[in-house]
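> The structure that follows is given in the form of structure tokens.
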Amino acid sequence: MYDVAIIGGGVVGGMLARALSSYKLKLCIVEKENDVAMGASKANSAIVHAGFDAEPGTLKAKLNVRGSEMMEQVAKELGVKYKRNGSLVVGFNDDDKKIIEELYERGIKNGVKELSIIESSELHTLEANISPDATCALNAPTGAIICPYELTIAAIGNAMDNGADLKVNFEVSKLNLCNEFYEITSTDGDMIKAKYVVNAAGVNADSVAAMANETDIKIHPRRGEYVLLDKTSGGLVSHTIFRTPSAMGKGILVTPTVDGNLLLGPTAKDMEDKSDTATTADGLSNVLANCSETTVGINLRDTITSFCGLRAVGNTGDFIINSTAERFINAAGIESPGLSASPAIAEYIIDMLLSMGLELTKNEKFNPIRKPAHLFRESSVAERNRIIAENRAYGRIICRCEGVSEGEIREAIRTNPPARDLDGVKRRTRAQMGRCQGGFCMPYITEILSEELGVTYDSITKNGGNSKLITGKTKEGCER
Amino acid sequence: MTELVIIGGGPAGMSAALAAYENGVRDILILERDERLGGILQQCIHNGFGLHRFGEELTGPEYAWRYEERVRELGIPFKLNTMVMNITADKEITATNSIDGIFTIQAKAIILAMGCRERSRGALNIAGTRPAGVYSAGTAQKLVNMKGYMPGKNVVILGSGDIGLIMARRMSLEGAKVKAVCELMPYSGGLARNIEQCLNDFNIPLLLSHTVVKVHGKKRVEGVTIAKVDQFGKPIEDTMEFIECDTLLLSVGLIPENEISRSAGIDINRITNGAYVTQSRETSIPGVFACGNVLHVHDLVDYVSEEAEIAGENAALYIKGELKNDIDIPIETDGKVRYTVPQRITAKEDTKIFFRVANVYENATIKVYNGDEIIFKTSKSKVAPGEMQCITLKAQLLQNAEKLRIGLEVF
Amino acid sequence: MATRELICIICPKGCNLKAELDEDGKVLEVTGNTCKRGAEYAENECTNPMRTVTSTMRCSDGTVIPVKTTTPIPKGKIYECMNLINKGVVNLPVHIGDIVIADVFGSNIAVTENRT
């Protein structure tokens, strides 16, 4: 019997699990995919928003500013790369200027620190590659960048290190309220019991909420397409550059990532299908056209990959964090700035659980520190040589482009939450994430996965389910 | 201090090592990232290698073995499973392997022979999903030929580069159905013989001026949408067609792997994606040479070996202090000639110039100008971007040369 | 009289060949070739096309090893040849050039790699 079950292994569920693991509680995270961070948490703008965007008084505003303040410390404890690089909202005319002034006012009301409006000359001193046509900008030095899936993986890993359970490939199909607890049943017929349930199911939060009780929560997916450029383009800008928002949404941004790439996007298109993460030719060309408006020198030849994320947009305009059944809390409609707000959302939900009667006793053994996934590569040469001498696998480079060793890959498969497929290894180690996109190292990583997991080579998947890499052996078929 | 460090133990690295050895260098070290010598040839199990060099048709592993056997006979040292992480302008090399850990070597001369990588799907921005089943042709080749696994059973290939054509045949022989090869350009990027023996022999259609516009399937590829393209390479809406398949192989170009060359500050040519070199294959850093596919992508390994020998010989001269750099003649190109290797001539010797053209041209005359004066010309009935061209300029032609330009006239 | 257009596969040049055939399919004249072997190729291609087959074979230790037919075999026999290759097992160790299946459509199957 679990005290709390969290449905959804995204950044919201992950940060909550980690925060709850500091108490003496039996916790379980259930995730429908083969790995955590498989929804919006793996495909978003990777930004910790300063908090000037949301309407004052909303949960979005409150939790964004609070979350943004907490994030640096959380990232430090979890060994997650975080950089306070600052955001700039760039304007080109008087209309833009008016909006920038509104954003400034909103930011001040929301409690965002260090905000200022800057003119063209200062803007171009800050960022040499901003379009010469830009006339002004909102300067938000508290804006930051972080790797969202690294944060999610680290938070869940830390929760697991502190005793939480993770069940992957557990797609909830039924919630049954018994007297004291819920029976949570998966599509495969597995069942766990928990006294409290938190619904952090992302785009599917409405269907999960409906399993507990009647609700009017509706979530629709909003497609956001992105283009990622090589590290050679990573230095084009140092701030996160937003175009002044228009009716089209918050606008498309240009930002460095914590790993040194350049990220462009997202588009915003409302969708029907909650699993359609296909990119479109129109979307990608839209991203590029928009980014070239604010930033000069974007070179498409440096494109490494493009991807698409689905934001979970709720029907209230704000985050929907409420209780719609006994001992059941929804964290629904957590669209942008959900990543930024996630540590504060966890805090907020814990308060709700407390008021519902959950007993919280400090877990003295709680260790907030997680060994950074990239500790090896960031160590000194002497330290790395000491590790290689102890374990030779750290001296064998598997991913040439990102310089990832066999030892680091094995570590990712052995560390909480364990990588179980190629994409899992990629998100934990960056192997396959470089210029060749796994062309050279994929056959080797597959081999390491099959050894570590004790399964055959041809059963390894890209990202679980039917995503098999191999369809069979050679020598098996050509009776013609 | 090691006299000569060669980065890469493929056909270029081994040929360069042997040539340096034959020219008197003994203190040589080859650093190879893979678990054996031979580079990409080990997975190229088809025949067609060595016709120029050895007058016979060898498979990739056989060609590689001719060189490896000689390297072993001469006792030229090499380290396997060793990845070079960095080189500096002062020729200090940092590498990693399991036995030595992270170590540095100071070299007197370096030969870059790291080869190239395949352009990936991401670089093409093909729309659609990102399922399992999209591979570069070389990755599929490794899986099939070295690991013994089939990456798929119903295949569409994008790009008609030679690796794609070879894999069309290879997959067919192993029982897969190759439904089509789509080529964006109106001509193939591969050799005519490969279209004949890899596609035509197996009734695989080659769709010129076609591309893949969308990938379908959530977890595994379920199909692709292909379309005809207009003269600007833009897909034509009403020609879109869905092809059911479980695999998309990409053979859409090779890119020299010059990350560590760049980190050393070596000047890289934007067209070849390789270093700028002189006729001795010396880069912008004295004593650092480059050859093979890291310098520019070759169509035949025979030419790689030939080029690597030039680099090896000249590295030996450099080590002995005898490398001639007494003149400096830049070589420019006109629009129809995309690039040349070398890009400069620094000694008045017979010099072979390799180059590629920008398009398919018939009845072309290649002309070499010194200023306005034509100093060399030759005619070709047909030239194509997929086939590297070569001319030899005799030493006496260079006597009064200051600046050369290679042009192509088409009638 | 009939004409067949061919692409020569003997070397990377890939010459466009034309073969003039009589009513019995006999080759009368080959044009477009730039060497003697091109003419031979065209003649064979019109009467009895031949191909070298390269593939891999399973080894006794479960790995695969590259193999080839030591000489070209009739083109129509490629898949039959593949079936033989697929059924065979190579006993290690082997040296480059070792014949692992003899008498295959007038040729032999040899390994093209050393393996201990």
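> Given (1) closer than 29 Å to C:VAL67 by Cβ; (2) within 13 Å of chain B (Cβ to nearest Cβ); (3) at pLDDT 95 or above, identify the lone condition not met by A:GLU406.
Condition (1) is where A:GLU406 drops out.
> Could you tell me how many of the residues in segment C:80-116 are more than 13 Å from C:CYS59 (Cβ to Cβ), part of a strand (DSSP E or B), over 15 Å from the mean Cα position of the chain (by Cα) and among the charged types (D, E, K, R)?
Of the residues in segment C:80-116, 0 are more than 13 Å from C:CYS59 (Cβ to Cβ), part of a strand (DSSP E or B), over 15 Å from the mean Cα position of the chain (by Cα) and among the charged types (D, E, K, R).
> Look at segment A:356-394 and say how many of its residues are more than 14 Å from every other protein chain (Cβ to nearest Cβ), among the basic types (Lys, Arg) and in contact with an Asp or Glu (Cβ under 8 Å, 6 or more places away or on another chain).
Restricting attention to segment A:356-394, the residues satisfying the condition of being more than 14 Å from every other protein chain (Cβ to nearest Cβ) are A:356-375.
Now drop any that are not among the basic types (Lys, Arg), which leaves A:362, A:365, A:370-371.
When the remaining residues are screened for being in contact with an Asp or Glu (Cβ under 8 Å, 6 or more places away or on another chain), the result is A:370.
Number of matching residues: 1.
Residue-wise test of (1) among the hydroxyl-bearing types (Ser, Thr, Tyr); (2) crowded, with 17+ Cβ neighbours inside 10 Å; (3) under 16 Å from the mean Cα position of the chain (by Cα); (4) in the same structural domain as B:ARG356 (by TED's automatic domain parsing).
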| position | (1), (2), (3), (4) |
| --- | --- |
| B:VAL304 | no, yes, yes, no |
| B:ILE310 | no, yes, no, no |
| B:GLU313 | no, yes, no, no |
| B:ILE319 | no, yes, no, no |
| B:ILE331 | no, yes, no, yes |
| B:GLY335 | no, no, no, yes |
| B:TYR339 | yes, yes, yes, yes |
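> Scan segment C:32-48 and tell me whether some residue there is farther than 25 Å from B:LEU51 by Cα, free of Cβ contacts under 8 Å to residues at least 40 places away in the same chain and either within 11 Å of chain B (Cβ to nearest Cβ) or in a strand (DSSP E or B) (or both).
no
> Limited to segment A:149-165, what total is found for residues that are of a type in the set (S, T, N, Q) and either over 15 Å from A:GLY39 (Cβ atoms) or more than 11 Å from the chain's Cα centre (by Cα) (or both)?
Just the residues of segment A:149-165 that are of a type in the set (S, T, N, Q), to begin with: A:152, A:158, A:162.
With the extra rule that they be either over 15 Å from A:GLY39 (Cβ atoms) or more than 11 Å from the chain's Cα centre (by Cα) (or both), the set shrinks to A:158, A:162.
Residues that pass the stated criteria total 2.
> A further question follows. How many residues, within segment A:415-474, are facing another protein chain (nearest Cβ under 10 Å), touching a residue at least 24 places away in the same chain (Cβ under 8 Å) and charged (D, E, K, R)?
4
> Here's a check for you: in segment B:79-102, which residue that is of a type in the set (Ser, Thr, Tyr) and farther than 12 Å from A:VAL381 by Cα is surrounded by the most Cβ atoms within 10 Å (Cβ to Cβ)? Lay out the reasoning, then the answer.
We begin by selecting, within segment B:79-102, every residue of a type in the set (Ser, Thr, Tyr); these are B:82, B:88, B:94, B:96, B:98.
Checking which are farther than 12 Å from A:VAL381 by Cα leaves us with B:82, B:88, B:98.
On the way: B:THR82: 24, B:THR88: 15, B:SER98: 19.
Within segment B:79-102, the match that is surrounded by the most Cβ atoms within 10 Å (Cβ to Cβ) is B:THR82.
> Sort through B:LEU191, B:LEU206 and tell me the only one that's within 14 Å of chain C (Cβ to nearest Cβ) and under 30 Å from B:GLU313 (Cβ atoms).
Values: B:LEU206 fails: under 30 Å from B:GLU313 (Cβ atoms).
Going through B:LEU191, B:LEU206 in turn, the sole match is B:LEU191.
> Okay, next question. Can you name every residue in segment A:272-308 that is hydrophobic (A, V, I, L, M, F, W, C), away from every other protein chain (no Cβ under 12 Å) and crowded, with 17+ Cβ neighbours inside 10 Å? Walk me through how you get there before you give the answer.
Residues of segment A:272-308 that are hydrophobic (A, V, I, L, M, F, W, C), as a first pass: A:278, A:281, A:284, A:287-289, A:291, A:296, A:298, A:300, A:304, A:307-308.
Retained after the next criterion (residues that are away from every other protein chain (no Cβ under 12 Å)): A:289, A:291, A:296, A:298.
Listed by number, the residues that qualify are A:CYS291, A:ILE298.
> Could you tell me whether B:LYS324 is in contact with a helix residue (DSSP H, G or I) (Cβ under 8 Å, 6 or more places away or on another chain), basic (Lys, Arg) and either within 14 Å of chain C (Cβ to nearest Cβ) or surrounded by fewer than 22 Cβ atoms within 10 Å (Cβ to Cβ) (or both)? Even if it seems obvious, please write down each step before you answer.
Values: in contact with a helix residue (DSSP H, G or I) (Cβ under 8 Å, 6 or more places away or on another chain): yes; basic (Lys, Arg): yes; either within 14 Å of chain C (Cβ to nearest Cβ) or surrounded by fewer than 22 Cβ atoms within 10 Å (Cβ to Cβ) (or both): yes.
Taking the combined requirement at face value, the residue satisfies it.
> For A:ASP458, indicate whether it is acidic (Asp, Glu), outside any loop (DSSP other than H, G, I, E, B) and at pLDDT 95 or above.
On the way: acidic (Asp, Glu): yes; outside any loop (DSSP other than H, G, I, E, B): yes; at pLDDT 95 or above: no.
Taking the combined requirement at face value, the residue does not satisfy it.
> Would you point out the residue of segment A:240-271, among those that are more than 14 Å from every other protein chain (Cβ to nearest Cβ) and in contact with a helix residue (DSSP H, G or I) (Cβ under 7 Å, 6 or more places away or on another chain), that is modelled with the lowest pLDDT? Spell out the reasoning first.
Initial filter on segment A:240-271 (more than 14 Å from every other protein chain (Cβ to nearest Cβ)): A:240-259, A:266, A:268, A:270.
Retained after the next criterion (residues that are in contact with a helix residue (DSSP H, G or I) (Cβ under 7 Å, 6 or more places away or on another chain)): A:241, A:243-245, A:252, A:254.
Numbers: A:ILE241: 96, A:ARG243: 91, A:THR244: 90, A:PRO245: 83, A:ILE252: 88, A:VAL254: 96.
Per the stated criteria, the residue is A:PRO245.
> When you scan segment B:142-159, do you find a residue that is polar (S, T, N, Q), under 23 Å from the mean Cα position of the chain (by Cα), more than 9 Å from chain A (Cβ to nearest Cβ) and over 14 Å from A:LYS468 (Cβ atoms), even just one? Talk me through it step by step, then tell me what you get.
Residues of segment B:142-159 that are polar (S, T, N, Q), as a first pass: B:145, B:154.
Checking the rest, the ones that are also under 23 Å from the mean Cα position of the chain (by Cα) come to B:145.
With more than 9 Å from chain A (Cβ to nearest Cβ) added as a condition, the list becomes none.
Checked segment B:142-159: no residue is polar (S, T, N, Q), under 23 Å from the mean Cα position of the chain (by Cα), more than 9 Å from chain A (Cβ to nearest Cβ) and over 14 Å from A:LYS468 (Cβ atoms).
> Okay, next question. Return yes when C:THR70 is crowded, with 18+ Cβ neighbours inside 10 Å, among the polar types (S, T, N, Q) and either touching a helix residue (DSSP H, G or I) at 6+ places or on another chain (Cβ under 8 Å) or modelled with pLDDT of 95 or more (or both) and no when it is not. Walk me through it before giving the result.
Working: crowded, with 18+ Cβ neighbours inside 10 Å: no; among the polar types (S, T, N, Q): yes; either touching a helix residue (DSSP H, G or I) at 6+ places or on another chain (Cβ under 8 Å) or modelled with pLDDT of 95 or more (or both): yes.
When the stated conditions are applied, C:THR70 does not pass them.
> For the list (1) over 27 Å from B:HIS298 (Cβ atoms); (2) within 14 Å of chain C (Cβ to nearest Cβ), I need the number of the one condition that B:GLU244 fails.
(2)
> Every residue in segment A:203-228 that is in contact with a helix residue (DSSP H, G or I) (Cβ under 6 Å, 6 or more places away or on another chain) and surrounded by 24 or more Cβ atoms within 10 Å (Cβ to Cβ), please. Quick ask: steps written out before the conclusion?
Looking only at segment A:203-228, we keep the residues that are in contact with a helix residue (DSSP H, G or I) (Cβ under 6 Å, 6 or more places away or on another chain), and these are A:215, A:217-219, A:221, A:225, A:227.
A:ILE219, A:PRO221, A:GLU225, A:VAL227 - these are the residues of segment A:203-228 that are in contact with a helix residue (DSSP H, G or I) (Cβ under 6 Å, 6 or more places away or on another chain) and surrounded by 24 or more Cβ atoms within 10 Å (Cβ to Cβ).
> Report yes if A:GLU214 is away from every other protein chain (no Cβ under 14 Å) and part of a helix (DSSP H, G or I), otherwise no.
Working: away from every other protein chain (no Cβ under 14 Å): yes; part of a helix (DSSP H, G or I): no.
Taking the combined requirement at face value, the residue does not satisfy it.
> Still on this structure, please answer the following. Select from segment A:365-400 the residues that are in contact with a strand residue (DSSP E or B) (Cβ under 7 Å, 6 or more places away or on another chain), touching a residue at least 40 places away in the same chain (Cβ under 8 Å) and in a loop (DSSP other than H, G, I, E, B) and list them in ascending order.
A:ARG400
> Taking only segment B:35-79 into account, find how many residues are within 11 Å of chain C (Cβ to nearest Cβ) and part of a strand (DSSP E or B).
Matching residues across segment B:35-79 total 5.
> If you don't mind, another one. When you scan segment B:7-18, do you find a residue that is touching a Phe, Trp or Tyr at 6+ places or on another chain (Cβ under 7 Å) and not in a helix (DSSP H, G or I), even just one?
yes
> Considering only segment A:218-241, state which residues are assigned to a strand (DSSP E or B) and among the β-branched types (Val, Ile, Thr). Full working, then the answer.
If we filter segment A:218-241 for residues that are assigned to a strand (DSSP E or B), which is where we start, we get A:219-229, A:240-241.
Passing the criteria: A:ILE219, A:VAL227, A:THR240, A:ILE241.
> Can you say whether C:GLY14 is assigned to a loop (DSSP other than H, G, I, E, B), farther than 27 Å from B:LEU191 by Cα and not polar (S, T, N, Q), as far as the supplied structure shows? Show your work before the answer.
Details: assigned to a loop (DSSP other than H, G, I, E, B): yes; farther than 27 Å from B:LEU191 by Cα: no; not polar (S, T, N, Q): yes.
No; evaluated as a whole, the condition is false for this residue.
> Quick test for you: out of C:CYS59, C:CYS81, C:CYS15, pick the one residue that is surrounded by 14 or more Cβ atoms within 10 Å (Cβ to Cβ) and either among the acidic types (Asp, Glu) or not assigned by TED's automatic domain parsing to the domain that holds C:PHE105 (or both).
C:CYS15
Residue-by-condition table, conditions (1) of a type in the set (Gly, Ala, Ser); (2) within 14 Å of chain C (Cβ to nearest Cβ); (3) surrounded by fewer than 19 Cβ atoms within 10 Å (Cβ to Cβ):
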| site | (1), (2), (3) |
| --- | --- |
| B:THR104 | no, no, yes |
| B:GLY138 | yes, no, no |
| B:LYS177 | no, yes, yes |
| B:GLU183 | no, no, no |
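> Cβ-Cβ under 7 Å, sequence separation 6+ or interchain: first residue in segment B:9-38 and farther than 15 Å from B:VAL304 by Cα, partner among the hydroxyl-bearing types (Ser, Thr, Tyr) and crowded, with 24+ Cβ neighbours inside 10 Å. Which pairs?
B:LEU31/B:THR82; B:GLU32/B:THR82; B:ARG33/B:THR82
> Identify the single condition in (1) more than 30 Å from C:ALA19 (Cα to Cα); (2) at the interface with chain B (Cβ under 10 Å from one of its Cβ atoms); (3) polar (S, T, N, Q) that C:THR116 does not satisfy, given that it satisfies every other one.
Condition (2) is where C:THR116 drops out.
The values are calculated or read from the model by the stated rules, or taken from the named source; none is laboratory data. Everything quoted here is computed from the prediction, not taken from an experiment. Cβ coordinates were reconstructed from backbone atoms using ideal geometry, including for glycine residues, and neighbour counts include every protein chain displayed.
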